[in-house]
1. Across the stretch 73-122, what is the total count of residues that are part of a loop (DSSP other than H, G, I, E, B) and without any contact (Cβ under 8 Å) to a residue 12 or more places away in the chain?
2. Restrict the check to the stretch 123-135 and report whether at least one residue is modelled with pLDDT of 80 or more, within 30 Å of residue 33 (Cβ to Cβ) and outside the structural domain of residue 39 (by TED's automatic domain parsing).
3. For the stretch 142-178, give me each residue that is touching an Asp or Glu at 6+ places or on another chain (Cβ under 9 Å) and farther than 20 Å from residue 106 by Cβ.
4. Of all residues in the stretch 134-160, count the ones that are aliphatic (A, V, I, L, M) and farther than 16 Å from residue 249 by Cα.
5. Restricting the stretch 123-167 to residues that are of a type in the set (A, V, I, L, M, F, W, C), in contact with a Phe, Trp or Tyr (Cβ under 7 Å, 6 or more places away or on another chain) and in a helix (DSSP H, G or I), which is surrounded by the fewest Cβ atoms within 10 Å (Cβ to Cβ)?
6. For the stretch 252-306: of the residues being among the acidic types (Asp, Glu), modelled with pLDDT of 80 or more and in a helix (DSSP H, G or I), which is surrounded by the most Cβ atoms within 10 Å (Cβ to Cβ)?
7. Given the options 181, 177, 206, name the one that is at pLDDT below 90 and surrounded by fewer than 18 Cβ atoms within 10 Å (Cβ to Cβ).
8. Taking the stated definitions as given, is residue 120 crowded, with 17+ Cβ neighbours inside 10 Å, closer than 17 Å to residue 254 by Cβ and not polar (S, T, N, Q)?
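The values are calculated or read from the model by the stated rules, or taken from the named source; none is laboratory data. Given the structure is predicted, the values throughout are model-derived calculations rather than measurements. A quick note on method: Cβ atoms are made from the backbone with ideal geometry, for glycine too, and the neighbour counts reach across all protein chains shown.
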Amino acid sequence: MSKEAPRLIFYDQIASNKRRSFFLIFIIFLIFLALGYVISLLSDPGLFFIIMILAIIISISYILLSYYNSHKIALASVNAKKASREEYRQYYHSVEGLTLASGLPLPELYTMKSDQINAFASGRDPQHAVICVTTGALEKLDKQELEGVLAHELSHIANYDIRFMTLVAVMVGMIAIISEIFLRSLWFSHRGNSGGDRDSKAGAVIMIIGILLAILAPIVVQLVQLSISRKMEFTADATAVKFTRSPTGLKNALKKIKNDKPIKVSGAINPLFMNDPTKSDLQKKQSDFFSTHPSIDKRIEILERM
């Protein structure tokens, strides 16, 4: 007789996922420091300073523009429409009940036309948040299941996940830009510094390490970014249980989502959705390491233990 898995407490699950996410951010920071240190050994200090300043300015400017307009970009990309209170009373009633339970302000509510069961939340903070659900979710889910899905999206708002992922995106963007500038500048640096330490064995080893790090660092941090995204989905599931005081609604909604067919949406907003709309659950299982979302079976398994 198999031993029953221990029950999970949603508070412990939330805390554990947050610790792991912060640890993964720390790894990105260490890679950033290592890349900067190696480049500083290989480059003129003045050139290195310019590279760092350019990377910071370009990365932060781009991310801040997206950050302050994230909800507008996401809604426009799926042609979302403002939800009418008269037409979608249950939608409004469910969100209003959950915001009262969680202490959050009422976000703006939108719908997107799709047979797929899905939803996403966006906005830089709870005061500037939006929730968008598919018409398929409103038609196919019962009251308890819809509340589970909406609680999941409110969890992203409550946990400031958009802000958190913006910080991660800034760091990942800086590493990608620094690596690109460094690799492109190697030829010019080599011409300007032909001789000396670079011709020594130690200099050659450092050069090889620098090139490998510049090539691999953006790939590694992107994988770490995907891992953080998956951890946030687990955290949002656990927080949704905290808001609704039951895992049943979200668990049953996920079971229905398993049967949905993939749809095409902009790749930039895939991580925002409750479930990756472009992949079937089988595809996510086969490439979980490269996915923004964990497999539905894994999420259901954890919810069943709560």
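1. So the count comes out to 6.
2. Yes, there is a match, as at least one residue in the stretch 123-135 is modelled with pLDDT of 80 or more, within 30 Å of residue 33 (Cβ to Cβ) and outside the structural domain of residue 39 (by TED's automatic domain parsing).
3. Selection gives nothing.
4. We begin by selecting, within the stretch 134-160, every residue aliphatic (A, V, I, L, M); these are 137-138, 141, 146, 149-151, 154, 157-158.
Filter once more, so that each one left must be farther than 16 Å from residue 249 by Cα: 157-158.
Final tally of qualifying residues: 2.
5. 138
6. Among residues in the stretch 252-306 that are among the acidic types (Asp, Glu), modelled with pLDDT of 80 or more and in a helix (DSSP H, G or I), the one surrounded by the most Cβ atoms within 10 Å (Cβ to Cβ) is 297.
7. Checking each option against the conditions leaves just 206.
8. It is true that residue 120 is crowded, with 17+ Cβ neighbours inside 10 Å, closer than 17 Å to residue 254 by Cβ and not polar (S, T, N, Q).
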